[in-house]
Every structure is written in C-alpha cells, then in structure tokens.
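These notes concern the structure reproduced below.
The values are calculated or read from the model by the stated rules, or taken from the named source; none is laboratory data. Being a predicted model, the structure only gives us computed values, none of them experimental. Cβ placement follows ideal geometry from the backbone for every residue including glycine, while neighbour counts extend to all protein chains displayed. Protein only, heavy atoms only, side chains kept; ligands, DNA and RNA dropped before computing areas. Shrake-Rupley method; radii C 1.70, N 1.55, O 1.52, S 1.80 Å.
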Amino acid sequence: MRTERKIAYALPMVPAFMLHTPALSMLPALYAKHASIDLVVIGIILVATRALDAITDPLIGILSDRTKTKTGSRKPWMIAGMVLCCLGAWFWFRPGPETGWTYFLLWSVVVYIGWTLFEIPHAAWLSELTRDYAERARLASFRTSASFCGWALFLSLPFLPLFPGTEMTPQVTTLASWIVLIIFPVFVLVAVFSVPAGIPEFNEQPAWRETMSAALCNRPFWIYAAAVLFSGTAAGMVAGLYFFYLDAYLGILDKIAHIGLVSAFISIVASRLWSPVIVRIGKHRMMFLGSAINVLVLAGMGLTPPGEWAFPAVLGLFSMSAVVYAGSMVAQYSIVADISDFDTLKTRRNHAGSYYALSAFLVKIGMALGGGLGFVVVGLFGFEPAAENDTLAMAGFFLSFIIIPMGLYAIAAGFAWAFPINERRYQVIRKRLDCRAARNMV
C-alpha cells in the first residue's frame, strides 16, 4: 500500500483525537470547576453515557459489516459519524456557569455516538486494506501517529498568544471545537475519495446471533479483551484525576499543556518507530510492555512530592509512558485484525467490523468505568477540586489515582503475555485462508 494512501487513511484520526484527548482527562474537570457539577454526579454520567456503547458499538459493527454500497461498507458510516461529532463538539467543548449536568450529559451522548459511527468502521477498514501481518502493523502505526498528532494539536492551543496563560480553560476548548468543525469534514473526505474500499475476507455477511456466537467462542479475543478492559479501566482512573493531581496536589496546573505536548510529540515519533520492533517481538508482548511500564510510572508519580522538582519528574515519567503507550496502541489496532482473521478461518464469515466494535466498546467502557469510579471514590472521600483537602481526602485520591490503577495494569500485563496469536501462528492462519480462497476460485 502506497505511503500517501496510508496517510490519507490515517488523517481523520487527527480531529477524532482532538475530541478524545480532553474527554476524560480535562472536560470532566473543567465542568466540575467551571459549571460546579458535583464529582460524584460527573462520575455517574461518565459511566452512564458509556453504558450506551453496550448497545451502539456492537450494532454499528454489525451494520457496517452488512452495509453494501459502491464506496464499500465503511465509508458511509464514517461520514455520518463525522457530522455528529462536529455537531456535538460545538456544544460539548463549551463548559461554563450556565451548563449544568443535563447539558454535559446530552452533548456527551451526542459525541460518543458520533465517535462510534466513525471510529469502528474506520478501524475495521484497516483489516480490509491489507492482509499482511507486518503491513498491518505499519498501517496501524500511521493511524496511531495521526491520533497523537490530534493530541498534540489540542495541547498546543494554550500556547497561542490568544490566551493569557498556558492553563487549560473553556476558552481553549472553544477554539478546539472550531478547529474540529473545519478539519474533520476535510480529512474524512480525503480518506473517502483517495483510499480504496478494501476487500473483506468473505463477502457473506453473518446474522447478528451468528456474530455473537462466533465472538463468544473466540478464545484469543477474550484474552485480548481482558487485557484491554483492565488496562483501559486503569487508564480511565488516571486520566480522570490527572487534572487534579497537577492542580490540587503538585500545584503545577500551568504545566499541563507542556507535559501533554512533549508526551504527544514523543508518541508521534515512537509510533512510527515501533512497528518493526512490534513485528519482531510480537504484538501481544508490546501490549504486555505497555502495561508493565505503566505500573512503574504510576509508582514514580506516587513518590513525586510537590516542589521545584515536580514538573521535571512528571515530565520524565510521562515521556517514558508515552513511548510505550504509542507502541501499545499500534499493537492493539493491528492485533484485532489478526483476531478477526482467526475467526474467519473458523466461521467462513467476515466479522471484522464486529470485532473492532467489541474492541472499541471494551476500551471505552474501561475508560468510562475507570473515570467514573475515580470521580465517585474521591468524591466519597470528600475530595474538593477547589479547596484544601485533609488527610482522608488525599488518601482516597491516591487510592484512586495510584494504587488501584497499578493493580489493574499488572493484571492487564498478565493477560497480554498469555495472548496466543504470534507471527508464526498468524502465518499459519493466513496460509489456510489463502488456500481456501484459491479453492473457492476454481
């Protein structure tokens, strides 16, 4: 696949990740701070909105598998998702005194549905653009790099001379909504018109019950799913409370954009460099490494005291995490395509969209559960975002921000290490699928 097509395929992830970046780590905190919504209420909303994904994610995966148009099965859904995301972002990125919990809930739902409509078909498209183990890793690295470019673009906004400082504010997120509104339609149309639709492994589209039955019997998928769910829950807890860690504990909230921007640029570079390494060591081992390193990073964050060394210490720890997180994302995007091929070998059906839907759901539900649980726990311990917190409140904060996520990442690492499809086993799967396709053509 030509490089320019890989870039065109990946481009829509830039505005998509401009939405992703603040979803758990900044927007809930901004609504708590500027709209005065109770932390426990925000936590409940985070979990409730993502519970909707239990319906929408599998539904969109199945529908995109079954869609037949001249432009392929994925592109119409991506366009619809882009439109809904642009609409939702316009309102969602404007927290203020007049925006209560119903406002936050409504526009969260709109954006989350838009994400589902766009991201699941876009991810499933990867499995149909190439069938090569290494090429899938390379294509996933382009997708991951574009995601981090969106992250970097969002985090660079506070440095513009339009703003008096570098703190993350509702004015910054308002500008971000304008940028998403402009570039998302352009980048999606570039991908739609310049990248081929791809060829699904099998054109026969399965019934809904058959799809669910296939997933339930796919052991590699459930090992992968456990790793993703535990690591996603840990990441959600950290992301949800990260704003308060810098603000209420370390007192360096004005450095949030600096830390995020450096981490984003490191991730962009790392995601391009990881693909040959991932092919060599195995995608599942890369996922293991990502979770294991994050255990060490969280331990370091817990031991970092407030003071003059807080900023360089957190910057160094987040830079370390960014390197392995980039590789873990590349591995994740690519490994689902291999799981889908294993399923196709067993069932003779194309369930790619459904597997990406289930994978996306697990990531989102893990992040939402983690973010919601984190907010609820610190709220119950009496933590206040804009006030002095006593020993009990800070104990609850560190329980949610450090201790529980460390344990979840350790469990995720164990599941990732146990994942059974390495390159050698995938080549066996690929050879059998190619032989079956050759027989069918005779």
### Task
Give the residues of region 287-325 that are of a type in the set (Ser, Thr, Tyr) and within 21 Å of the chain's Cα centre (by Cα), sorted by residue number.
SER291, SER319, SER321, TYR325
### Query
Which condition does ARG5 not pass, out of (1) over 17 Å from the mean Cα position of the chain (by Cα); (2) over 20 Å from TRP77 (Cα atoms); (3) in contact (Cβ under 8 Å) with a residue 24 or more places away in the chain; (4) surrounded by fewer than 19 Cβ atoms within 10 Å (Cβ to Cβ), if it passes all the others?
(2)
#### Entry: Residue match in region 233-252 (condition: at positive phi and at pLDDT 85 or above)
yes
### Summary
When restricted to LEU39, LEU84, LEU24, the only residue of a type outside the set (S, T, N, Q) and either at pLDDT 85 or above or out of contact with any helix residue (DSSP H, G or I) (no Cβ under 6 Å at 6 or more places or on another chain) (or both) is LEU84
### Query
Before we move on, is VAL330 at negative phi, crowded, with 20+ Cβ neighbours inside 10 Å and without any contact (Cβ under 8 Å) to a residue 60 or more places away in the chain?
no
### Task
Could you please find all residues in region 130-143 being of a type outside the set (Phe, Trp, Tyr), open to solvent by 10 Å² or more (accessible area, probe 1.4 Å) and part of a helix (DSSP H, G or I)?
ALA134, GLU135, ARG138
### Task
Output yes when any residue across region 160-179 is under 19 Å from ILE79 (Cβ atoms) and either assigned to a loop (DSSP other than H, G, I, E, B) or among the small types (Gly, Ala, Ser) (or both), and no when none is.
no
### Task
Test each condition in (1) of a type in the set (A, V, I, L, M); (2) under 23 Å from THR173 (Cα atoms); (3) in a helix (DSSP H, G or I) for ILE37 and report the one that comes out false.
(3)
## Note on the structure
Within region 366-382, residues being more than 9 Å from ILE44 (Cα to Cα) and open to solvent by less than 20 Å² (accessible area, probe 1.4 Å) number 6
### Query
Here are ALA299, ALA326, ALA313: which of them is closer than 30 Å to ALA197 by Cβ and either of a type in the set (Gly, Ala, Ser) or out of contact with any helix residue (DSSP H, G or I) (no Cβ under 9 Å at 6 or more places or on another chain) (or both)?
ALA326
### Message
Six or more apart or on different chains, Cβ atoms under 6 Å: show the pairs whose first residue is in region 144-162 and within 13 Å of HIS258 (Cα to Cα) and open to solvent by 40 Å² or more (accessible area, probe 1.4 Å) and whose second is in a helix (DSSP H, G or I) and among the small types (Gly, Ala, Ser).
### Response
TRP151/ALA264
### Only listed residue being over 19 Å from the mean Cα position of the chain (by Cα) and not in a helix (DSSP H, G or I), chosen from PHE383, PHE375, PHE397
PHE383
### Query
Consider ARG94 against the criteria (1) modelled with pLDDT of 85 or more; (2) among the charged types (D, E, K, R); (3) under 29 Å from VAL279 (Cβ atoms): it satisfies all of them except one. Which criterion is unmet?
(3)
### Task
Within region 408-424, work out how many residues are loosely packed, with under 14 Cβ neighbours inside 10 Å and part of a helix (DSSP H, G or I).
1
### Query
Counting only residues that are part of a loop (DSSP other than H, G, I, E, B) and open to solvent by 20 Å² or more (accessible area, probe 1.4 Å), which one in region 74-103 is nearest to PHE154 (Cα to Cα)?
ARG94
